[in-house]
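Asker: The structure that follows is given in the form of structure tokens.
The values are calculated or read from the model by the stated rules, or taken from the named source; none is laboratory data. Please read all numbers here as calculations on a predicted model, not as lab measurements. Here Cβ is always computed from backbone atoms with ideal geometry, including for glycine, and neighbour counts include all displayed protein chains. Ligands, DNA and RNA are excluded from the accessible area calculation, which covers all protein heavy atoms including side chains. Shrake-Rupley method; radii C 1.70, N 1.55, O 1.52, S 1.80 Å.
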Amino acid sequence: MPVSRQDLIAALQQTARGDRAAFRLVYEATSLKLYGIVVRILGRRDLADEVLQEVYIRVWQRAGDFDATSGSPITWLATIARNLALDEARRKSPRSLDEFPELLQLPSGDDPAAAHEQSEELKRLAACLDGLEADKKELVLLVYHYGMTREEISGRINRPVATVKTWLRRSLAQLRDCLGL
Amino acid sequence: MTEEDDIDGLAAEYVLGSLSAAERREVDARRRTDATLLAAIEAWQRCLGPLSEQAPEVAPPADLFGRILARIADQSGTASRVAGVVPIRGGSRRRLGLATAASALAACGALAVVWFGHTQTGPPGTLPASVSCGTRYKDFWEQFDRQKYSRISAEQLAGLSRMALRAYDACEAGDEQDAKALFDRLRRMQF
């Protein structure tokens, strides 16, 4: 359900005051995206169901912590979802994306329709990512979207873990400089 | 490389998601007292957060929001309802008697009848109420919605009741590992 950024901010503020109708609106507006994030990191629907419940219980409890002046509501929600999914992924045995083969596709960034819907923040970040070498950009995106550890990446690309760490740190430093952090 | 660079790199990898379980735990502990690390993490969250816009949209189960609301309702009403949770002892095994079971199981319809027939075996005892174990047990049944009940066979239901009681017993016995594993399995069951 498309909801404007302002409406989502207002709904979060009302949720912080215990308004369940506003909480429902937050859920309906964001659960498809947050479930997509969680499912891609965990690769298992049963675990994703558990984690998504925890995500929204945390949103209900901590909606008052959201500060509209320091970031977008969807980024705040996605951070909660990613953190809980990563914590869960680290607790579990190796993951599989067998249930979701379609999710193995990384976003290409070449879709004009998708580009139209991107926030200004994402456009800036995407431009900086394009400044990385192609394989380093893919490395960063693989880790971000699938929560892969250095060890998992190392096994996937057949390079030492230390090399993966160096590549990641350099790529991230390059991104930081590009974004002016 | 300076210490600041290390902190920034660590924060960046923490937010990106590439740290191992042990490294993640270390950062989680350290960020509570290290303002520099916390600020770096928050900066990287703002920096990389927009990538989440690229995540695919996947529909969660239709009943998930109902399950979330049930858990929220239970958390906010726990204090007032816990007074009704009275574990009892029957034979050598601890059994659970819930003074408020009728309301807790109302959502399960006739399940309440089956459940009582299965569990009420022996005179009620007077063990002190256990807040966390009783609440977890109730949590499970409150989330066991009508849709699931309509799909489950009588045999499955009996097995489910036994497993729920084993989870409660393990919790009461202080075997948290076993209790958590059983409660987790119960929540994940598909029918």
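Asker: With the requirement that a residue be facing chain A (nearest Cβ under 8 Å), charged (D, E, K, R), assigned to a helix (DSSP H, G or I) and more than 13 Å from B:Ala11 (Cβ to Cβ), what does the stretch B:33-76 give you?
Answerer: B:Glu53, B:Arg67, B:Arg71
Asker: Applying the selection to the stretch A:123-151, what residues are open to solvent by less than 70 Å² (accessible area, probe 1.4 Å), part of a helix (DSSP H, G or I), at pLDDT 90 or above and among the aliphatic types (A, V, I, L, M)?
Answerer: A:Leu125, A:Ala126, A:Ala127, A:Leu129, A:Leu139, A:Val140, A:Leu141, A:Val143, listed by residue number.
Asker: Mind checking which pairs have a first residue in the stretch B:9-30 that is more than 21 Å from A:Trp76 (Cα to Cα) and facing chain A (nearest Cβ under 7 Å) and a second that is part of a helix (DSSP H, G or I) and not basic (Lys, Arg), Cβ under 7 Å, 6 or more apart or different chains?
Answerer: Note: pairs meeting the criteria are B:Gly9/A:Leu172; B:Ser20/A:Glu151.
Asker: For A:Glu102, work out the one condition from (1) open to solvent by 40 Å² or more (accessible area, probe 1.4 Å); (2) modelled with pLDDT of 90 or more; (3) assigned to a helix (DSSP H, G or I) it doesn't fulfil.
Answerer: (2)
Asker: Then there's this: How many residues does the stretch A:152-181 hold that are at the interface with chain B (Cβ under 7 Å from one of its Cβ atoms) and either more than 20 Å from the chain's Cα centre (by Cα) or not in a helix (DSSP H, G or I) (or both)?
Answerer: Going through the stretch A:152-181 one residue at a time, the tally reaches 1.
Asker: Shifting gears a bit: Pull up the stretch A:26-68, narrow it to residues that are among the aromatic types (Phe, Trp, Tyr) and out of contact with any Ser or Thr (no Cβ under 7 Å at 6 or more places or on another chain), then point me to the one that is farthest from the other protein chains (Cβ to nearest Cβ).
Answerer: My answer is A:Phe66.
Asker: Also, I was wondering about something else. Would you say B:Ala70 is hydrophobic (A, V, I, L, M, F, W, C), open to solvent by 10 Å² or more (accessible area, probe 1.4 Å), farther than 23 Å from A:Val39 by Cβ and not assigned by TED's automatic domain parsing to the domain that holds B:Gly134? Explain how you work it out, then say what you get.
Answerer: On the way: hydrophobic (A, V, I, L, M, F, W, C): yes; open to solvent by 10 Å² or more (accessible area, probe 1.4 Å): yes; farther than 23 Å from A:Val39 by Cβ: no; not assigned by TED's automatic domain parsing to the domain that holds B:Gly134: yes.
Answer is no for this residue.
Asker: Which of the helices (runs of 4 or more DSSP H) contained wholly in the stretch A:1-87 include at least 2 residues that are open to solvent by 10 Å² or more (accessible area, probe 1.4 Å), modelled with pLDDT of 95 or more and aliphatic (A, V, I, L, M)? I'd like the intermediate steps shown before the answer.
Answerer: On the way: elements: A:5-16, A:20-42, A:45-62.
The qualifying helices (runs of 4 or more DSSP H) are A:5-16, A:20-42.
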